[in-house]
1. Scan region 121-143 for residues that are more than 24 Å from residue 218 (Cα to Cα) and either within 25 Å of the chain's Cα centre (by Cα) or in a loop (DSSP other than H, G, I, E, B) (or both) and jot them down.
2. Any idea which residue in region 197-216 is surrounded by the fewest Cβ atoms within 10 Å (Cβ to Cβ), counting only those that are touching a residue at least 24 places away in the same chain (Cβ under 8 Å), in contact with a helix residue (DSSP H, G or I) (Cβ under 9 Å, 6 or more places away or on another chain) and at negative phi?
3. Which condition number in (1) modelled with pLDDT of 95 or more; (2) touching a helix residue (DSSP H, G or I) at 6+ places or on another chain (Cβ under 9 Å); (3) buried (at least 20 other Cβ atoms within 10 Å of the Cβ) is the one that residue 123 fails?
4. Pick from region 97-120 the residues that are over 28 Å from residue 176 (Cβ atoms), free of Cβ contacts under 8 Å to residues at least 40 places away in the same chain and crowded, with 16+ Cβ neighbours inside 10 Å: which of them is farthest from the chain's Cα centre (by Cα)?
5. Taking the condition within 12 Å of the chain's Cα centre (by Cα), in a loop (DSSP other than H, G, I, E, B) and under 21 Å from residue 101 (Cα atoms), does residue 245 pass?
6. Given 244, 219, 235, which one is without any contact (Cβ under 8 Å) to a residue 40 or more places away in the chain, closer than 17 Å to residue 73 by Cα and surrounded by 16 or more Cβ atoms within 10 Å (Cβ to Cβ)?
7. What's the number of the only condition in (1) surrounded by fewer than 21 Cβ atoms within 10 Å (Cβ to Cβ); (2) assigned to a loop (DSSP other than H, G, I, E, B) that residue 51 fails to meet?
């Protein structure tokens, strides 16, 4: 377990710094929750972090929840390996896997091949190669369709099912976990899928009370970002080598990372 490298506001205790003057956010009694940031094809980092989580969970209560915030594919070298690993998680954990915008891009490509033109700018090639598919060499509709057909043939049914069944968000006690964030001023239960997968500045710059503390990935930073209304845990694994898990138990908040 590595030390938290974020900085606390001077003169404030941890609870006040994280959550303001109101009661500190918490998860239900008897649970320990591990929320893992964006993996992006880095299966070796995932394996390393899961070993740390399993070791840490040896002292956990009986109810152990493992949540992944999405973006399992693209950028890193082994998107296929990441999904395979998530289909075989550690025993004795309840597991919830959320959908990221990169995971949605895979589904979009399967259903609408020309969407590749957008997807290729943020990681399509790495994902296709990890499944043994040669990316299209040119911006040619026929070539793109042929790549989609080859990808669909090589994508195991269990992997496609995994992507199709990903949730958009989940709630644990006073926390709302999602891939990208939420739209300020809109109830958590009324958020649009597009915002849950894609939002950035309007959410990141907001000081609004969202009703729960939002735990999210999507926007990479060198270290975990903590604000009184949100906690960002995408530490850019594919670029930094640091894959992070936020550990929540009662009112306590701590980190594990590679």
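The values are calculated or read from the model by the stated rules, or taken from the named source; none is laboratory data. Values in this document were obtained by computation on a predicted structure and should not be read as measured data. Cβ sites come from the backbone with ideal geometry, for glycine too, and all protein chains shown count toward neighbours.
1. Residues of region 121-143 that are more than 24 Å from residue 218 (Cα to Cα), as a first pass: 132-143.
Scanning region 121-143 gives 132, 133, 134, 135, 136, 137, 138, 139, 140.
2. Here the answer is 198.
3. (1)
4. Here the residue is 113.
5. Working: within 12 Å of the chain's Cα centre (by Cα): yes; in a loop (DSSP other than H, G, I, E, B): no; under 21 Å from residue 101 (Cα atoms): yes.
Answer is no for this residue.
6. Values: 244 fails: without any contact (Cβ under 8 Å) to a residue 40 or more places away in the chain; 235 fails: without any contact (Cβ under 8 Å) to a residue 40 or more places away in the chain.
Unique residue meeting the criteria: 219.
7. The number of the failed condition is (2).
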